[in-house]
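Novice: Structure incoming, see below.
Any read-out appearing in this document is the output of simple, stated calculations on the displayed coordinates, not a laboratory observation. Treat the numbers as computed from the prediction; the structure is a model and nothing was measured. Note: ideal-geometry Cβ built from the backbone for every residue, glycine included; neighbour counts use all protein chains shown.
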Amino acid sequence: MTRTPRAGTLRASTAPTATSDSPIADIVARTVPDRQARSFSRRAAPRRICLPAGTMDYSSQHWMLKALHEAAGELQRQLLGLSEADLCRRSAPDEWSLKEIAAHLRDAEASFVQRLELIASQDEPDLPDIDVDADVLERDYRSLDLHAVLLELSRLRHYSTDLLWSLAPSEWEREGLHPYRGRLSILQVARDMNEHDLGHLWQVRRLRRQIEEERRAGRPPTSNT
């Protein structure tokens, strides 16, 4: 059963769209009808209401949104000043390049947006299982324009955090049904987003540190095509 839309200020025309190089380009497009049916109100802060024992409190919600908001900017700072060769190199056969990590984060964000919108707008919807890891190996992400990838990631993250800000704390307990993980709440999706950010930001910092150490030592960069 579809929920009754709430009035809001974020119009459907502001929703981000994915570019054709993304394997999840149709994910955002497929959710446009949902965006037209439901608009999300952006507040200065989420509403604080009384919740039953065991549910999420205001402070954890606020912390989660702050971390999600800052992650995209941290990725851009880590990639700043690196050459195209630095961005495209793989330091080990099973290691993604920095540009591939950025494109993967963009794809993952599109899938997170889809989950959030489905759970927020429907009662216990079925959630698709999407393997965004496989796309890195199947597509030539190292040939992409990094600026375009980061811009799209930023727009998707801006939209997802706007959506989360629009929800009352009690609505973070809404759930969808994943084919392998079972019930997933909006809170769990937000946690997944944060943990995914942290894992890949650690990877990006490690790769950048390796590049800088090799430069200082005067060694040629390690690369595995």
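Novice: Might you check whether a residue that is surrounded by 12 or more Cβ atoms within 10 Å (Cβ to Cβ) and either in contact with a Cys (Cβ under 8 Å, 6 or more places away or on another chain) or hydroxyl-bearing (Ser, Thr, Tyr) (or both) occurs anywhere in the stretch 170-189?
Specialist: The answer is yes; a qualifying residue exists.
Novice: Can you tell me which of (1) surrounded by 14 or more Cβ atoms within 10 Å (Cβ to Cβ); (2) farther than 30 Å from His62 by Cβ; (3) more than 20 Å from the chain's Cα centre (by Cα) is the one Asp135 doesn't meet?
Specialist: Failing condition for Asp135: (3).
Novice: Further question on the same structure: Let me confirm something: among Arg209, Arg142, which residue is free of Cβ contacts under 8 Å to residues at least 60 places away in the same chain, touching a helix residue (DSSP H, G or I) at 6+ places or on another chain (Cβ under 6 Å), at negative phi and not small (Gly, Ala, Ser)? Don't jump to the end; show me each part of the working.
Specialist: Working: Arg209 fails: touching a helix residue (DSSP H, G or I) at 6+ places or on another chain (Cβ under 6 Å).
None of the other options fit; the residue is Arg142.
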